[in-house]
Each structure stands twice: as structure tokens, then as C-alpha cells.
1. Considering only region 310-339, how many residues are assigned to a loop (DSSP other than H, G, I, E, B) and either among the hydroxyl-bearing types (Ser, Thr, Tyr) or at positive phi (or both)?
2. Identify the single condition in (1) within 20 Å of residue 428 (Cβ to Cβ); (2) under 29 Å from the mean Cα position of the chain (by Cα) that residue 464 does not satisfy, given that it satisfies every other one.
3. List the strands (runs of 3 or more DSSP E) inside region 35-118, counting only whole elements, that have at least 2 residues being among the basic types (Lys, Arg) and within 24 Å of residue 480 (Cβ to Cβ).
4. Show me the strands (runs of 3 or more DSSP E) entirely contained within region 127-232 in which 1 or more residues are within 19 Å of the chain's Cα centre (by Cα) and on the phi < 0 side of the Ramachandran plot.
5. Do we have residue 476 as surrounded by fewer than 23 Cβ atoms within 10 Å (Cβ to Cβ) and either within 18 Å of the chain's Cα centre (by Cα) or within 19 Å of residue 375 (Cβ to Cβ) (or both) here?
6. Can you tell me how many residues in region 496-517 are over 32 Å from the mean Cα position of the chain (by Cα) and either at pLDDT 95 or above or of a type outside the set (Lys, Arg) (or both)?
7. Of the residues in region 281-298, how many are crowded, with 19+ Cβ neighbours inside 10 Å and out of contact with any Leu (no Cβ under 7 Å at 6 or more places or on another chain)?
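The values are calculated or read from the model by the stated rules, or taken from the named source; none is laboratory data. Since the model is a prediction, treat every value here as computed from it, not as a measurement. Here Cβ is always computed from backbone atoms with ideal geometry, including for glycine, and neighbour counts include all displayed protein chains.
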Amino acid sequence: MTRLFNDPIAFVDEATEGFVAAHAHRVRQVPGGVIRSTKSEPNTVAVVIGGGSGHYPAFCGLVGQGLAHGAAMGNLFASPSAQQIYTVARAANNGAGVLLSYGNYAGDVLHFGQARDRLVSEGIPCEMVKVIDDVSSASLEEIQKRRGIAGDLTVFKIAAAAAEAGYSLEEVVRVAEAANLRTRSFGVAFDGCTLPGADDALFHVPEGKMAVGLGIHGEPGISEQDIPTADELAELLVKRLLEELPEGVGSAKGARASVLLNGLGTVKYEELFVVYRRVNQLLKEAGLEIVDPEVGELVTSLDMAGASLTLFWLDDELEKFWAAPCDTPAYSKGSVTAVEQLDAAELDIPDPDAIPDATQESQDAAAKVLAALETTYKVIEENEEEFGRIDAVAGDGDHGIGMARGGKAAVEKAREVKERGAGAGTTLRMAGDAWADRAGGTSGAIWGAALHSLAMAIGDEKKPDAACIAQGVRDARDNIMHFGKAKVGDKTLVDVLVPFSEVLSERIEAGDDLKTAWQAGADRAEQAAKDTADLVPKIGRARPLAEKSKGTPDAGAVSLSMIIRAVVDVL
């Protein structure tokens with residue numbers, strides 16, 4: 001139970017304020033997260049990490065000399081928005097490019113990808129490495145689908161040490177990817193965590209049982225079993241990790257690896273030490289040479305009861321960077337050389353609330369954008385419970401809540417910036433950022449990406465016409481499919497977005513006006529949403545419960561089709 005809070009909505013902001021106050025000699029707050037408060041070597045790569053809050057010491061606690069240069073911080077268990085990531089990266093940039101690194105979750109992939117594109121468009125070299133260490137989340141054949149858990153630390157640490165050593169962006173990416181592919185984690189959970197103000201945990205594990213392979217947000221595991229003894233747990237974790245040696249490691253015998261035993265929130269240090277005692281014995285029996293192990297809370301999940309084991313298989317280069325000194329609020333190693341504090345005047349921090357100039361035509365069109373968003377939110381409000389019910393069949397049931405939060409935030413932001421003279425594109429872009437910030441989850445990231453793509457196509461210079469709106473819908477489709485990796489048939493919102501976009505473009509090219517073309521697209525979208533009932537999910541959190549969803553349409557597809565239908569009258 002999370003007991004100490006004021007307003008639950010303000011929890012992350014207040015926690016961040018307190019964190020920075022406690023560690024002002026190491027970190028400085030900027031819009032969207034934190035950066036180092038100390039100077040970095042000019043013309044070196046900046047490593048910017050991030051993800052949802054609630055996982056301390058990930059992510060903000062790993063910012064400081066020798067480790068991350070900045071961390072973008074989303075709401076509890078929700079990806080930071082592209083705007084937050086972009087702002088932190090701009091502030092952290094040292095002149096030699098930025099590496100963005102994060103756990104492999106759909107929202108993070110979308111938002112970090114958008115931020116990268118924006119940085120590159122402004123002439124800032126930027127690359128990404130998504131952490132994929134959790135062996136329970138996908139097979140070795142589908143390793144790129146694995147999620148990131150406690151192995152975040154090894155990838156972040158190696159990348160940052162390489163950057164500190166003066167490696168180029170290309171070389172920092174190379175060693176970070178090497179660390180990524182040599183990191184394997186496996187975890188268990190005994191019970192779920194409770195969000196501030198919530199009456200109950202996000203999920204529960206049956207009394208006396210342990211969920212094996214459960215994700216740090218409650219994503220489905222692979223099995224349940226009776227709670228073991230500490231030694232039995234150690235044996236389970238070690239056995240699974242030794243079954244899968246990374247490429248380049250022929251045998252555990254004689255290999256060198258670091259070991260991370262991580263507590264997820266309520267499994268405390270003494271318990272972890274009891275487990276590690278047996279882990280150490282088993283690994284040595286296997287002939288493994290353990291290098292610089294870590295036992296403690298490294299990547300948590302508020303008060304979740306659980307633990308994970310990570311093996312980080314080393315080579316000479318990786319071992320050098322793993323041992324390199326660092327000094328952060330939550331993780332220190334060796335001794336760093338003291339450096340000067342940053343002067344605020346030296347920072348390049350874009351104003352996220354700045355309103356670019358817009359023509360009168362575009363300002364007038366912003367009223368239509370607002371009306372469309374208000375209609376969208378009305379649909380969501382009226383169907384929030386139903387969206388949640390559909391989502392709960394094979395997911396976590398939060399689609400309706402997330403959509404409602406995002407839609408409301410988007411409308412409020414659109415009203416605000418329209419009154420300040422924003423054009424149609426800026427109104428839509430800032431509404432999308434607000435939606436992504438407030439909604440969280442994958443749907444928040446997807447809707448933020450969609451509105452951002454539309455915003456870029458519409459711009460602030462002229463009245464949007466049918467052709468540019470169709471282009472914006474195509475861009476939204478391509479953006480979501482590129483970063484989210486979903487395709488038609490995977491049982492996602494993409495199953496509606498693709499046919500809608502195709503019909504809309506075809507009818508406009510044939511000479512239909514926007515409303516007529518949109519109506520035809522809405523008819524196709526509605527049918528496509530119904531057709532998802534015959535599919536099984538191949539991507540996302542519903543994938544482990546795929547067969548359970550057969551016969552029920554996808555919640556994201558249904559909500560999108562209903563919104564498309566509703567905004568016809570606005571057009």
C-alpha cells in the first residue's frame with residue numbers, strides 16, 4: 001500500500017520536487033524530467049534514459065557523473081511524452097549527439113521514436129537502444145519483443161561509461177547494444193503494487209502462490225506455483241538464466257558475468273541476501289566467475305512484492321565500462337573526479353508552452369480542431385465503461401480510463417492554446433502532448449503520436465484542406481506502425497486505422513469532398529473494428545492471453561472507429 005501522499009494526481013510532481021531537493025548537488029529539474037547538475041565534457045555523447053515513474057531508482061536516480069546525463073519521467077507506469085523526452089534531451093545535449101535508452105514497452109517505443117525524429121530534424125544526431133532483457137516475455141527467436149526490466153541498469157551504465165570515455169555516438173550505440181544482447185533477467189512476483197489513492201493493488205497473485213515471469217507493471221507471467229523457500233527461488237532463477245547463454249558465450253564454465261539480484265519494492269535487503277547466498281553458490285558451481293555483483297533495489301514497482309535475477313555476461317570492453325566510476329543519487333561506484341556545477345544560463349531548454357506564430361486562417365481552423373477534440377472526448381465519456389469492459393477480456397481493463405484522462409487533457413490544452421492564438425497545427429500538437437502525458441499506457445502514446453502526425457501535416461500557415469488531412473492520417477498510420485511494430489491482423493487499432501486511411505485517401509483523390517470521403521472511411525472503419533473479434537492478438541499485453549480474446553473486438557479498434565464516426569459532423 002502506498003500510504004504517504006497528498007493529492008494522488010500530484011504524486012509524481014511532488015516526488016520529483018523532493019527528489020531534486022534532496023540531491024541538488026547531482027541533479028537539476030528541467031521540464032519533463034531531470035539532468036545532471038554538474039558540467040559534462042563538451043562534445044561528448046549525452047545518454048538520456050527514461051520511462052514511467054514508480055520504478056525508483058530507475059530512472060531519475062541513475063542520473064549523475066558516469067551514468068545518465070538526463071532522465072525523462074512519465075507519470076506512474078506511463079511513458080514520458082515525446083515533448084518531455086525532447087526537452088530533456090535538448091537540455092542534456094553536449095554537442096556530440098544523444099543516445100536515448102529505455103525499456104521495450106509500446107508507449108516508450110512510440111514516444112522516444114518521435115522525440116528522436118524531432119531531434120534529428122533539428123540537426124542533433126540521435127540514436128536509440130531499447131532494453132530487452134526479460135527472458136520470460138518472449139522466446140529467443142523473438143528476442144526483440146522482450147521487455148526491459150532490471151537489465152536497464154547494465155545497458156544504461158555501459159552506454160554512459162562509453163560516452164564518458166569519449167566514444168562517438170556510433171560507438172556508444174555499439175557497446176550499448178552489446179550489453180543489451182548479453183543481459184538476461186528473470187523475475188517472480190508475490191503480489192501487486194498499489195497506486196497512490198487506490199483502494200486495492202493493480203493486481204493480485206493468489207494467496208500462497210508466486211507468479212513466475214510476471215512483468216513489473218503486472219503483465220502476464222508464464223505460470224504460477226507455490227511460494228518456494230529462498231534456496232528454491234534461487235535455484236529456479238539460476239536454472240532459467242543458465243539455460244540461455246548469449247551469443248559469444250560458449251559455456252558458463254570460465255565465463256565472467258556480473259549478477260544483479262533486484263527487489264521490486266517489498267522484498268527487502270535481508271531477504272535478498274538470503275537468496276543471493278544460494279545464487280552465488282549455484283553460479284560458482286557452474287564455473288562462472290562473478291564480477292562486481294549488485295544486490296538491492298535497482299528497478300522497482302512502487303510496493304510490488306517480487307524479485308528478479310539478472311546475469312550480465314562480460315567481455316573485456318564491457319567489464320571495463322561496468323567497473324568505471326559513477327556517482328548518482330541511487331547508484332555509485334568507485335570514485336569520480338569532482339566537477340563544477342552547471343550554470344542555468346548554459347542550458348538549452350526549449351519552452352514547451354511557447355506558441356509559434358500562425359496565420360489568421362490557421363487560427364480560425366483551430367476552432368474546428370477544438371470542436372473535433374470535444375466531440376472525441378464526448379464519445380469517450382459516454383463509452384468509457386464499455387471500453388474498459390472490452391479491454392478487460394484479455395488486457396488490464398484500463399483502456400476506458402486512459403482514454404478518458406487523455407481526451408479530457410487534450411480538450412483542456414486545446415482550449416487554452418487556442419485562446420492564446422495558436423494555429424491549427426500547434427493546437428493539435430499540444431493537445432496530443434497533453435493526451436499522451438495524462439493518459440499514459442500504450443493508447444496514450446498512440447493517440448499522442450496520431451495527433452502529432454496530423455499536426456505536422458496541417459501546420460500553422462493555411463486552412464487545412466482535404467488533401468493535407470488525408471496526408472496527416474497516412475502519416476499517423478505510418479508513424480504508429482513504424483514505432484509500434486503492429487500490422488494489420490495483429491488485433492490492434494491499426495486494423496481500423498489502415499483501411500480508414502486507404503478509403504479516405506482514395507475518395508479524396510477521386511474528387512469527393514472531405515465530409516463525404518470521411519463518411520465512407522467511417523463506414524469501413526466500423527466494419528474493420530467489428531472484424532477484429534475474429535482475430536487473436538499478436539502484439540501487446542493481450543498477446544499472452546490471445547485465445548481468451550477470440551470473439552471480442554479490440555478495445556482500441558472499437559474506440560477509434562467510434563471517434564471517426566462521431567467527428568463527421570464537425571467536418
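1. 5
2. Exception for residue 464: condition (2).
3. Numbers: elements: 46-53, 70-76, 98-103.
Strands (runs of 3 or more DSSP E) meeting the threshold: none at all.
4. Numbers: elements: 183-191, 209-212, 223-226.
Ranges flagged: 183-191.
5. Working: surrounded by fewer than 23 Cβ atoms within 10 Å (Cβ to Cβ): no; either within 18 Å of the chain's Cα centre (by Cα) or within 19 Å of residue 375 (Cβ to Cβ) (or both): yes.
It is false that residue 476 is surrounded by fewer than 23 Cβ atoms within 10 Å (Cβ to Cβ) and either within 18 Å of the chain's Cα centre (by Cα) or within 19 Å of residue 375 (Cβ to Cβ) (or both).
6. Count: 11.
7. Counting residues in region 281-298 that are crowded, with 19+ Cβ neighbours inside 10 Å and out of contact with any Leu (no Cβ under 7 Å at 6 or more places or on another chain) gives 3.
Okay, residues lined up against (1) in contact with a strand residue (DSSP E or B) (Cβ under 9 Å, 6 or more places away or on another chain); (2) modelled with pLDDT of 95 or more; (3) in the same structural domain as residue 264 (by TED's automatic domain parsing):
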residue	(1), (2), (3)
102	yes, yes, yes
114	no, no, yes
130	yes, yes, yes
137	no, no, yes
155	yes, yes, yes
159	yes, yes, yes
165	no, yes, yes
168	no, yes, yes
